[in-house]
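A short write-up of the structure that comes next.
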Amino acid sequence: MAGGAANEALKERITRLENFVGVPEDDEAVSLSVSTEQHAIELVDLRKILDDFMTETNARVNNIIEDVMSLTDVVKINLKSLEDEVALVKKVDTAMALVSLSQCQGQGGGGWSRAPLLENRDAL
């Protein structure tokens, strides 16, 4: 009987280990150490894939940042050009108004007329 009780205790311990470790799904049982080693290799491969992905993603993000900075510089240049053109138009418009005003006053009327202003604008 003592042998039967020992067998039962051994079977119970094996059952607990199988529940903890897992039961092989087929007849080709793989030891826990081999399975752990395979998982470690897979983890190393996954880590390399992740590192490559992160390196590639960082490069892409840096390229996007450089593109945005370049675009910002181009927009700044275009805005500066537009500001210069607006300032030039304002100067020309002011000069034309002064010329028109002096022409109106030179005609002896003393009044101000918009007609010479429009004529001078086409001339410029």
Exercise for review: May I ask you to evaluate 6.51 cos²θ - 1.76 cosθ + 1.60, the Karplus curve with θ = phi - 60°, for each residue of segment 82-87 and list the ³J(HN,Hα) values in order in whole Hz, giving x for glycine and proline?
Suggested key: 5, 4, 5, 5, 5, 4
Point to revise | Simple label model, 7 Å out from Cα along Cβ direction - SER70 to THR94, nm | key: 3.9 nm
Review point. Using the Karplus equation 6.51 cos²θ - 1.76 cosθ + 1.60 (θ = phi - 60°), what ³J(HN,Hα) coupling, rounded to whole Hz, does each residue of segment 7-18 give in order, writing x for Gly and Pro?
Key: 5, 5, 5, 5, 4, 5, 5, 5, 4, 5, 5, 5
Study note, to complete from the structure: Scalar couplings 3J(HN,Hα) for segment 90-95 by Karplus 6.51 cos²θ - 1.76 cosθ + 1.60 (θ = phi - 60°), nearest whole Hz, x for Gly and Pro, are 5, 5, 5, 5, 5, 5
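Loop-only GluC sites (Glu not before Pro) in segment 28-59, please: DSSP not H, G, I, E or B, and at most 12 other Cβ atoms within 10 Å.
Details: sites: GLU28, GLU37, GLU42, GLU56; in loops: GLU28.
Hits after loop and neighbour filter: GLU28.
Every read-out reported here was derived from the displayed coordinates using simple, explicitly stated rules and does not represent laboratory data. Just so it is clear, the structure is predicted and the values come from calculations on it, not from any experiment. Every residue, glycine among them, receives a Cβ derived from its backbone with ideal geometry; neighbour counts consider all protein chains shown.
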